[in-house]
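A quick write-up on the structure given underneath.
The values are calculated or read from the model by the stated rules, or taken from the named source; none is laboratory data. As the structure is a computational prediction, the values presented were derived from the model and not from experiment. Quick reminder, even Gly has a Cβ in these numbers, built from the backbone with ideal geometry, and neighbours come from all protein chains shown. Areas reflect the complete protein model, heavy atoms only, side chains present, ligands, DNA and RNA absent. Shrake-Rupley method; radii C 1.70, N 1.55, O 1.52, S 1.80 Å.
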Amino acid sequence: SFSRVIRVGTRKSQLARIQTDSVAETLKELYPDIHLEIVAMSTTGDKILDTALSKIGEKSLFTKELENALERNEVDLVVHSLKDLPTTLPPGFTIGAVLKRENPHDAVVLHPSHAGKTLDTLPENSVIGTSSLRRAAQLKKRFPHLDFKDIRGNLNTRLKKLDEKNDFAAIILAAAGLRRMGWESRISQILEPEDCMYAVGQEGGCSVPVAVHTQVKDSQLYLTGAVYSLDGSNSLKETMQVSIAVGTQVDEQVQRVGVTANKIPGSVQDEAEKLGVDLADLLLSKGAKEILTVARQLNDVR
């Protein structure tokens with residue numbers, strides 16, 4: 001029998017490989033006849049390791065090389081972390097599917113000498129490593145006694161830098177990545193939304209100080225969004241909600257590009273999307289664009 005080969009593009013990092021393998025396994029379950037071939041490649045973001053992510057300035061830092069391969073038909077599809085995707089995709093590209101999100105929260109990983117502590121109980125001026133402006137802005141405001149510095153590299157590199165040197169008391173990483181790598185035991189503290197709201201799936205580049213928190217309660221969907229200045233001193237935060245009646249009948253035949261949420265009516269998905277747009281508009285009307293423009297300019301001169 002003819003077996004179709006589908007070539008799947010991925011970044012070379014171990015985490016990217018694990019995520020791509022899980023996508024491949026899911027596809028295999030759905031289509032047992034296809035043969036999946038994984039093509040791993042390095043991207044700009046993997047090669048430039050001595051510069052802060054937010055400084056390199058290239059929007060599609062971890063995706064460009066993979067997009068080129070897709071365009072040249074060297075691969076059939078690529079797997080990305082949604083946060084690495086630029087907000088606007090190149091013409092002719094589309095998000096085929098989004099997997100259910102893992103734990104979206106950020107996690108604190110402590111240097112072995114600080115075992116058992118939390119960000120609150122770390123000594124004055126302890127250095128915390130994070131490559132994310134979103135994390136740094138919120139955490140500086142919430143934990144003024146700590147000192148935040150850039151740390152780059154994939155998960156393995158960052159953990160090595162933490163453990164083998166004494167430069168950092170702790171680093172902040174996504175809980176999802178640590179879980180996927182099997183390093184859940186290193187998580188000392190999960191940051192709750194009051195400490196640090198998490199990343200939007202597809203932000204404007206990997207490091208914009210924009211954060212979100214969502215909650216479904218009594219058939220209401222609550223969406224909190226915030227933007228921050230780099231030091232966290234200036235911020236805008238708003239919450240909006242929409243009613244999502246769950247009892248409606250779902251047409252499972254209707255396929256939506258990008259997001260297909262089983263058992264959730266299309267009208268509810270539309271409402272959720274509109275809620276996001278409305279909240280963004282509200283934040284913009286209150287001056288979000290100015291805060292982000294200043295953050296971007298300050299970041300450029302850092």
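Points worth noting:
- Remark: relative contact order (the chain) = 18 percent; criterion is Cα-Cα distance under 8 angstrom and separation of 6 or more residues.
- The label point for Asp76 and the one for Arg101, both projected 7 Å from the Cα toward the Cβ, are 3.0 nm apart.
- In order along the stretch 97-110, the phi-based Karplus estimate (6.51 cos²θ - 1.76 cosθ + 1.60, θ = phi - 60°) of 3J(HN,Hα) comes to 6, 10, 6, 4, 6, 6, 3, x, 6, 8, 10, 9, 10, 8 Hz; Gly and Pro are listed as x.
- Based on Cα atoms of the stretch 87-133, Rg over Rh with Rh as the Kirkwood radius reads 1.22.
- Alpha carbon centroid spacing (whole Å) that separates the stretch 143-213 from the stretch 261-302: 22 Å
- Overall form of the stretch 2-41 per C-alpha gyration tensor (a/c, 1.5; a/b vs b/c): oblate
- Sequence-distant residues sharing a close amide H with Ser126 (under 5 Å, placed H): Asp147
- Cα gyration tensor, the stretch 167-232 - rounded (a/c under 1.5), prolate or oblate: oblate
- Expressed to the nearest 5 percent, the antiparallel share of DSSP beta bridges inside the chain is 60 percent.
- Counting only heavy atoms of the protein chains and using a 1.4 Å probe, Met181 has close to 20 Å² of accessible surface.
- Loop-resident GluC sites (Glu not before Pro) (DSSP state other than H, G, I, E or B) in the stretch 92-180 with no more than 12 further Cβ atoms inside 10 Å of their Cβ: Glu124.
- For the chain, calculated [θ]222 nm from helices alone, where every DSSP H run of n ≥ 4 adds -39500 (n - 2.57): -9000 deg cm²/dmol
- Over all other residues within a Cβ to Cβ distance under 13 Å of Leu282, the charged ones net out to +1, with Lys and Arg as +1 and Asp and Glu as -1.
- Solvent-accessible surface ranking, highest first, for Lys141, Lys263 at 1.4 angstrom: Lys263, Lys141
- Near Gln14, once Lys and Arg are set to +1 and Asp and Glu to -1 for all other residues with Cβ below 11 Å from its Cβ, the sum equals +3.
- Within the full protein context, the accessible area of Tyr198 is estimated at about 20 Å² for a probe radius of 1.4 Å.
- Estimated inter-spin distance, Asp21 and Lys289, nm [label 7 Å along Cα→Cβ]: 4.6 nm
- Residues in the stretch 269-301 that a label on Ala245 would reach, taking backbone N under 20 Å of a point 7 Å out along Cα→Cβ: 269-275
- Förster radius 35 Å - calculated FRET efficiency between Asp147 and Asp33 (Cβ-Cβ, nearest 0.05): 0.05
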